[in-house]
Amino acid sequence: MTIQELEHKAAEARKLIIETVIAAGVGHAGGSLSSAEVMTALYFDVMKMDPANPHWADRDRFVLSKGHSSAGLYSHLHMKGLMSREQLLTFRQNGSMLSGHPDMRKVPFVEMSTGSLGQGMAAGIGMAIAGKLDRKDYRVFVMIGDGESQEGAIWEGALCAPRYKLDNLTVILDRNRIQIDGFTEDIMPLEPIADKWRAFGWEVRDIDGHSMAEVVSTLRSVPFASGKPSFVIARTVKGKGVSFMEDNYVWHGGAPKGDLAEQAMREVTAALAKD
């Protein structure tokens with residue numbers, strides 16, 4: 001796809017995210033919206049996968065460690081043709097396979113059940129080690145959140161991956177600067193985040209997470225260095241694409257209702273039409 005076509009896909013994903021959380025009356029829209037460009041680039045340009053064979057041994061793996069942003073993941077799986085629109089709109093309903101946090105036992109191409117923050121990254125490291133041991137050339141991509149980056153498990157993983165020279169592993173930080181109850185730098189500061197990961201032995205790139213061209217060129221170029229895991233800081237806006245959600249920690253979780261739901265749908269629909 002061209003960059004313009006990928007941008008259109010990201011706009012489509014945002015519309016689906018809003019439709020999904022409105023239908024459910026619940027969900028985590030903010031972080032799903034902020035990561036749309038990165039997920040679109042992975043699923044429609046970067047990752048090697050066979051939609052007809054979710055267990056293909058040589059597929060690239062994606063782990064959504066910040067599992068609460070599942071509405072974004074499910075929207076992209078729908079766009080790949082891996083679930084119907086009707087299934088997507090059962091999100092978080094009783095009996096649905098689409099729970100609030102992804103369940104690997106129920107949803108194809110969900111590589112790891114996540115939600116307990118930090119554990120998805122640990123699982124991704126295990127997959128990358130397995131790839132090395134099995135002499136497979138698949139790559140593992142893990143998306144973490146910046147609130148999640150306050151978890152000790154993240155830093156244990158940061159120590160581990162360079163030890164095993166996991167250049168088949170890329171960790172992407174959705175750096176939207178907001179966690180459930182405020183800005184990360186007010187609650188538990190992360191900066192200088194790039195220097196910290198470099199000090200742990202990772203090769204780091206710091207990018208505009210909403211520039212599709214920059215996202216694509218960066219993810220296409222992994223590994224950044226032979227024998228070293230790659231870390232991408234994708235600087236994004238929480239709630240991107242919906243004006244009243246942007247940079248507003250209130251919309252870490254929750255679904256818009258009434259007039260706000262109508263406004264959100266108008267804005268994401270207009271953005272899709274524009275693209």
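The gain in end-to-end length when the Ser96 to Tyr164 segment is fully stretched comes to 20.6 nm, 0.36 nm per residue minus the alpha carbon separation.
The residues His76, His8, His68, when put in order of fewest to most other Cβ atoms within 10 Å, stand as His8, His68, His76.
To the nearest 0.05, how large is the calculated FRET efficiency for Asp50 and Ile3 if R₀ is 22 Å and r is the Cβ-Cβ distance?
Numbers: r = 24 Å, r/R0 = 1.11.
Rounded to the nearest 0.05, the efficiency is 0.35.
Specify which residue in the list Val171, Ser149, Gly182 is farthest towards the positive end of the charge dipole of the stretch 143-189, using unit charges on the beta carbon of Lys, Arg (+1) and Asp, Glu (-1), about the Cα centre. Final value for the positive-end residue is Val171.
Each label was represented as a point 7 Å from its Cα along the Cα-to-Cβ direction; for Ala194 and Ala213 these points are 2.0 nm apart. Among the listed values (i) 19.2, 69; (ii) 18.7, 56; (iii) 17.4, 54, the one computed from these coordinates for Rg and Dmax of the Cα atoms in Å is (iii). The stretch between Met104 and Glu156 holds 16.4 nm of extra length on full extension. This uses 0.36 nm per residue minus the Cα-Cα distance. With respect to the chain, whose longest principal axis is taken over its alpha-carbon atoms, helix 3-24 is tilted by about 60°.
Past the 18 Å Cα-Cα mark, which pairs from Lys15/Lys80; Lys48/Lys80; Lys132/Lys165; Lys106/Lys240; Lys48/Lys165; Lys80/Lys238? Don't skip to the answer; put the middle values down first.
Details: Lys15/Lys80 15 Å; Lys48/Lys80 13 Å; Lys132/Lys165 9 Å; Lys106/Lys240 29 Å; Lys48/Lys165 22 Å; Lys80/Lys238 24 Å.
As for pairs spanning more than 18 Å Cα to Cα, those are Lys106/Lys240; Lys48/Lys165; Lys80/Lys238.
For the stretch 104-109, putting each phi into the Karplus relation 6.51 cos²θ - 1.76 cosθ + 1.60 with θ = phi - 60° gives couplings of 5, 7, 10, 10, x, 6 Hz, in residue order, rounded to whole numbers and with x for Gly and Pro.
Taken about its Cα centre, the chain carries a charge dipole of roughly 720 debye when the Cβ of each Lys and Arg holds +1 and the Cβ of each Asp and Glu holds -1.
Taking θ as phi - 60° and the Karplus parameters 6.51, -1.76 and 1.60, the scalar couplings of the stretch 29-39 work out to 6, x, x, 5, 5, 5, 9, 4, 5, 5, 5 Hz in sequence order, x denoting glycine and proline. Once the Cβ-Cβ distance of Ser84 and Glu262 is raised to the sixth power relative to R0 = 30 Å, the FRET efficiency obtained is 0.75. Full extension of the chain segment joining Asp137 with Val26 gains 36.1 nm, where the gain is 0.36 nm per residue of separation less the Cα-Cα distance.
In order along the stretch 244-251, the Karplus-derived 3J(HN,Hα) couplings, from 6.51 cos²θ - 1.76 cosθ + 1.60 at θ = phi - 60°, round to 7, 8, 5, 6, 10, 5, 4, 9 Hz, and Gly and Pro are given as x. For the chain, the longest principal axis of the C-alpha atoms and the axis of helix 70-79 are separated by about 90°.
Counting other Cβ atoms within 10 Å of each Cβ, which trypsin sites (Lys or Arg not before Pro) in the stretch 186-275 have at most 15 and sit in a DSSP loop?
Numbers: sites: Lys196, Arg198, Arg205, Arg220, Arg235, Lys238, Lys240, Lys257, Arg266, Lys274; in loops: Lys238, Lys240, Lys257.
Filter output for the stretch 186-275: Lys257.
Using Cβ point charges alone (K and R +1, D and E -1), the dipole size of the stretch 1-118 about the Cα centre works out to roughly 320 debye.
Helical content alone sets the calculated 222 nm signal of the chain at -12000 deg cm²/dmol, taking -39,500 (n - 2.57) per DSSP H segment of four or more residues and averaging over every residue.
Under a 5 Å amide H cut-off, with hydrogens placed 1.01 Å from N, Val142 pairs with Val63, Thr170, Val171, Ile172 among residues at least 5 apart or on other chains. Counting only residues at least eight positions apart within a chain, or on another chain, the aspartates and glutamates with an alpha carbon under 14 Å from that of Lys257 are Glu19.
Laboratory data are not the source of any read-out in this text; all were calculated from the coordinates shown. All values reported here derive from a predicted model rather than from experimental measurement. Positions of Cβ are generated from backbone atoms using ideal geometry, with glycine treated the same way; all protein chains shown enter the neighbour counts.
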